[in-house]
1. Taking the mean number of other Cβ atoms within 10 Å as a proxy for protection, how do you rank 79-86, 121-128 from highest to lowest?
2. Order 98-108, 1-11 from most to least packed using the mean count of other Cβ atoms within 10 Å.
3. Distance between the C-alpha centers of segment 1-30 and segment 86-116? Whole Å please.
4. Ignoring ligands, DNA and RNA, please state the percent of accessible area on the chain from carbon and sulfur, probe 1.4 Å.
5. How fast does the chain diffuse by Stokes-Einstein, in µm²/s, taking the Kirkwood radius from C-alpha pairs at 20 °C and 1.002 mPa s?
6. How much area per residue is accessible in the chain when the probe is 1.4 Å and only protein heavy atoms are counted (Å²)?
7. In whole Hz and in residue order, list the ³J(HN,Hα) couplings for segment 135-152 that follow from phi through the Karplus curve 6.51 cos²θ - 1.76 cosθ + 1.60, θ = phi - 60°; x for Gly and Pro.
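The values are calculated or read from the model by the stated rules, or taken from the named source; none is laboratory data. Here the structure is a predicted model, which is why all the values come from computation and not from measurement. No Cβ is skipped: glycine too gets one built from the backbone with ideal geometry, and neighbour counts run over all protein chains shown. Note: accessible area is taken over every heavy atom of the protein model, side chains too, but ligands, DNA and RNA are not part of it. Shrake-Rupley method; radii C 1.70, N 1.55, O 1.52, S 1.80 Å.
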Amino acid sequence: MIRFFVLFTVLLVGLFTLEILQPVERLVILPFTSLVADVSVWLITLFDDNVIAVSNVIRDKASGFGVRIERGCNGVEALIILFAAIFAFPAPLKNKLIGFAIGFVAIQGLNLVRIISLFYLGQWNQVAFEWFHLYLWQALIILDALVVWLVWLRTLTQARARRAADTAAATQGG
């Protein structure tokens, strides 16, 4: 347990430090954030073709209202927390990679819902936008990472139990 907490802390500190370095921001974070904006606009245009993305800004062509996806709004921090939790836990690398890949999709999927909902909330009511943006959605994205990790732990435990049962059955039968 101590090993997990130490490795988790080291990974968190290391990855958050890496994330704030200027070259990483320029080469990874900003392009990723622009991609999140582009995917958000692509999803929105399935229902509303009055929306454009310019870099990390989503803008309504008719009203001019826009939201800027900034650091902390792109889901990267939740991904870092999930990565640290999964890779600090003792498990086979294959399970870690699968768990993180599924978690990536879950976190970014919810983040797209978050961004699109905030885009429309901001056009409807600025007070609601601020409350949902600062309080509700921040907590839900981090909670999503926690739930993914807990589900991953449960499936990992179930897989270990199945392997142990299969091993026991094989030794009894042979």
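1. Values: 79-86: 22.0, 121-128: 13.1.
Answer by packing, highest mean first, reads 79-86, 121-128.
2. Details: 98-108: 17.6, 1-11: 11.7.
The packing order, highest mean first, is 98-108, 1-11.
3. Value for the Cα centre distance between the two parts: 16 Å.
4. Working: 7350 of 10250 Å².
Carbon and sulfur together cover 72 percent of it.
5. On the way: Rh = 18.2 Å.
Answer, rounded: 118 µm²/s.
6. Working: 10250 Å² over 174 residues.
Ligands and nucleic acids excluded, the result is 59 Å² per residue.
7. Once rounded to whole Hz, the list reads 10, 5, 5, 4, 5, 5, 5, 5, 4, 4, 4, 5, 5, 4, 5, 5, 5, 4.
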